[in-house]
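Right, one structure below, let's go through it.
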Amino acid sequence: MPGELVLRQLAILLKPDRTYVPRKNLASRRWHVLTNRGDFEILTTGCKWLDTRERRGGASAIDLAMHLLGVSFVEAVKRLAQEPTAEHFSLQARPLE
């Protein structure tokens, strides 16, 4: 699952950084993310992700869910398996100001 979809499913608030200019891969995007665990600045490129503040990254949806939510592998899988609502797929539904 691409990192962008994981962010949309798990974030309370999500905002793309429109000022970000990728250096290596034009598909990379930077996101400002708020979860119950705090505020994150995440770069995504496909399934790969990097928390720019903690300098920690991974290559799977499960890794990202564990990082953002501070949960175990099993709990991350459960959260990702939940059926996302329509608002998870609309950035406009929950913008971060």
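If I go through region 5-34 residue by residue, how many of them are small (G, A, S) and within 16 Å of C47 (Cβ to Cβ)? Break it down stepwise before answering.
We begin by selecting, within region 5-34, every residue small (G, A, S); these are 11, 27-28.
Checking the rest, the ones that are also within 16 Å of C47 (Cβ to Cβ) come to 27-28.
Total satisfying the criteria: 2.
Could you please find all residues in region 35-61 being surrounded by 17 or more Cβ atoms within 10 Å (Cβ to Cβ), of a type in the set (V, I, T) and modelled with pLDDT of 95 or more?
Listed by number, the residues that qualify are I42, T44, T45.
Would you be able to tell me the number of residues in region 1-58 that are in a helix (DSSP H, G or I) and of a type in the set (S, T, N, Q)?
Here is the first cut: in region 1-58, the ones in a helix (DSSP H, G or I) are 3-10.
Right, trim to of a type in the set (S, T, N, Q) and you get 9.
Residues in region 1-58 being in a helix (DSSP H, G or I) and of a type in the set (S, T, N, Q): 1 in total.
Can you work out which of the residues in region 33-63 that are over 15 Å from P22 (Cβ atoms) and of a type in the set (A, V, I, L, M) is nearest to the chain's Cα centre (by Cα)?
Out of the qualifying residues, it is V33.
Which condition number does E4 fail, the rest of (1) surrounded by 15 or more Cβ atoms within 10 Å (Cβ to Cβ); (2) modelled with pLDDT of 95 or more being met?
Just one mismatch for E4, condition (2).
Can you find even one residue in region 82-92 that is modelled with pLDDT under 90 and in a strand (DSSP E or B)?
Initially, region 82-92 is screened for residues modelled with pLDDT under 90, giving 82-92.
In the following step, the residues that additionally are in a strand (DSSP E or B) were identified as none.
Checking region 82-92: not a single residue is modelled with pLDDT under 90 and in a strand (DSSP E or B).
The values are calculated or read from the model by the stated rules, or taken from the named source; none is laboratory data. These figures come from a predicted structure and were not determined experimentally. Positions of Cβ are generated from backbone atoms using ideal geometry, with glycine treated the same way; all protein chains shown enter the neighbour counts.
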